[in-house]
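The values are calculated or read from the model by the stated rules, or taken from the named source; none is laboratory data. Since this is a predicted model, take the numbers as computed values, not measurements. We place every Cβ from the backbone using ideal geometry, glycine too, and count neighbours over all the protein chains shown.
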């Protein structure tokens, strides 16, 4: 693509050219995206000592029972893991390989978005680096959760949206619809990009270059495709996902009761935590995006009327709905660290511009923040490799946390306890936990990948899970109780009184040696007779 100077292109002094000159080569964007992805895949295949997290294992569990949707999420993550494990087997690499691929795709899409907006190949590389420098995206490159694929779809949708609204591309409309549809299958907040696009249309309505209505309608139709499987599944399951989301926010109608004070219950720390979490997951991108907003206003006053200013407006419009929504949510409940991460994906291109502009003006603050982002990328990328190498050489010595390294040992010890029960009773034992994540994690690492039952809806906070939906794990079903009746079990979590509801005898054997969580007992249960309320 020919280089075209714009009002926002920084062609400053030698310092800026010396620092970023290497990024102008056409091959560099591929190296910093797919080259890094290849190294990460090699790491996952050969060096990684880390066992699956509970969420990863739970999504793998879904992939064994493919459906149109699931209790708490859409089907995208299960479909993806099923495709990967069909190639690489039910292994940690088989589960996690798509995460690395999606991170590369997202970074590449953000790079193309920056190049299309600023007409500068350097911006493509720097935006891709900014994308991959965020602590949140570095984690999503190594752990297979819904966020990595969702963020990649968000980046692709932003690119297609810019080409459709800023460049008048016809084919960009169906591409935008497909990206929105695919992203929604992973995470429902993909729909929040739509109000961002509408906001941009309202702001720039007099200067838009939009294709004919047929292409727009085609994009809308494609976007709606992602809703179809989820709506059909929920209509057949009493709108379980809607009730789960309401329960997650702690409002009326949710799947779990919340002990809230009467009236408006607000903790100012929730809002402060949200701002701190934004910095924690976005790192230097958070600070650069704020600095860029100020510098764009200065550039706009100095050089008015340039079309390129539509690009930054588009990016901030895409970021706004997610950031604002979760800011408002903090007035009612706590938010999780990864919830607002998509908004910073949209802002990676403006961070690239801010870096070039800052170095060209010798802005010490911008230079410091950009260097901080790059150091973060290097350190957080190298850290798991170093730990992995140490784990291989020293057989696990130095692994920082049991939560991502002890599941294999925990399953081995659980199988040994099952063997004890088998010898004592002459019956085939089964496994049951309170938490759905623990159930899936044990299922992944136990020999033969048996079904493990999760019964949180019958004790503790009463929260339902996918295990209450599957016919072969729903302990309220008569056929499930009949299959388990009288058999012994190895039980994880909970209290003696909880388990005595369903078993004739319960013995606390204490925490297994590989148990990663404090105050978490393991139990021997004998004579299973079922939880109250099961189907006749």
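Of the helices (runs of 4 or more DSSP H) lying entirely inside region 85-163, those carrying at least 1 residues that are under 22 Å from residue 223 (Cα atoms) are 92-118. Here is the figure for region 207-238: residues that are within 15 Å of residue 311 (Cα to Cα) and free of Cβ contacts under 8 Å to residues at least 24 places away in the same chain total 0.
Matching residues to (1) at pLDDT below 95; (2) in a strand (DSSP E or B); (3) in contact with a strand residue (DSSP E or B) (Cβ under 7 Å, 6 or more places away or on another chain); (4) within 19 Å of residue 240 (Cα to Cα):
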{"site": "442", "(1), (2), (3), (4)": "no, no, yes, no"}
{"site": "460", "(1), (2), (3), (4)": "yes, no, no, no"}
{"site": "471", "(1), (2), (3), (4)": "yes, no, no, yes"}
{"site": "476", "(1), (2), (3), (4)": "yes, no, no, yes"}
{"site": "494", "(1), (2), (3), (4)": "yes, no, no, no"}
{"site": "497", "(1), (2), (3), (4)": "yes, no, no, no"}
{"site": "518", "(1), (2), (3), (4)": "yes, no, no, no"}
{"site": "524", "(1), (2), (3), (4)": "no, yes, yes, no"}
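Would a scan of region 41-55 turn up a residue that is in the same structural domain as residue 245 (by TED's automatic domain parsing), over 29 Å from residue 409 (Cβ atoms) and in contact (Cβ under 8 Å) with a residue 60 or more places away in the chain? Among the residues of region 41-55, not one is in the same structural domain as residue 245 (by TED's automatic domain parsing), over 29 Å from residue 409 (Cβ atoms) and in contact (Cβ under 8 Å) with a residue 60 or more places away in the chain, which makes the answer no. Taking each residue of region 515-532 that is in the same structural domain as residue 429 (by TED's automatic domain parsing) and looking for partners that are modelled with pLDDT under 85 and surrounded by 18 or more Cβ atoms within 10 Å (Cβ to Cβ) with beta-carbon atoms closer than 7 Å, six or more apart or interchain, yields 516/406. Residue check: residue 514 meets all listed conditions (1) more than 29 Å from residue 236 (Cβ to Cβ); (2) assigned to a helix (DSSP H, G or I); (3) in contact with a helix residue (DSSP H, G or I) (Cβ under 8 Å, 6 or more places away or on another chain) but one, namely (2).
Checking region 476-484 against the condition returns no match, with no residue being crowded, with 21+ Cβ neighbours inside 10 Å, touching a residue at least 40 places away in the same chain (Cβ under 8 Å) and in contact with a helix residue (DSSP H, G or I) (Cβ under 8 Å, 6 or more places away or on another chain). Listed by first and then second residue, the pairs with beta-carbon distance under 7 Å, at least 6 apart or on different chains, first residue in region 358-382 and within 16 Å of residue 292 (Cβ to Cβ), second outside any helix (DSSP H, G or I), are 360/10; 360/12; 360/13; 361/12; 373/283.
Surrounded by fewer than 24 Cβ atoms within 10 Å (Cβ to Cβ) and modelled with pLDDT of 95 or more: does that describe residue 113? So residue 113 fails the test.
Just one of the listed residues (214, 218, 224, 171) is surrounded by fewer than 20 Cβ atoms within 10 Å (Cβ to Cβ), under 20 Å from residue 242 (Cα atoms) and assigned by TED's automatic domain parsing to the domain that holds residue 119, namely 224. Number of residues in region 66-86 that are modelled with pLDDT of 95 or more and out of contact with any helix residue (DSSP H, G or I) (no Cβ under 7 Å at 6 or more places or on another chain) equals 3.
Results for (1) modelled with pLDDT under 90; (2) touching a helix residue (DSSP H, G or I) at 6+ places or on another chain (Cβ under 9 Å), shown as yes or no for each residue.
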| position | (1), (2) |
| --- | --- |
| 261 | yes, no |
| 285 | no, yes |
| 300 | yes, yes |
| 309 | yes, yes |
| 325 | no, yes |
| 330 | no, yes |
| 340 | no, yes |
| 343 | no, yes |
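When region 444-458 is filtered for residues that are touching a residue at least 40 places away in the same chain (Cβ under 8 Å) and outside any loop (DSSP other than H, G, I, E, B), the ones remaining, listed by number, are 444, 445, 458. Applying a threshold of 9 Å to beta carbon distances and a minimum spacing of six or more residues, or different chains, the list of pairs starting in region 143-157 at a residue that is outside the structural domain of residue 187 (by TED's automatic domain parsing) and on the phi < 0 side of the Ramachandran plot and ending at one that is modelled with pLDDT of 95 or more and part of a helix (DSSP H, G or I) is empty.
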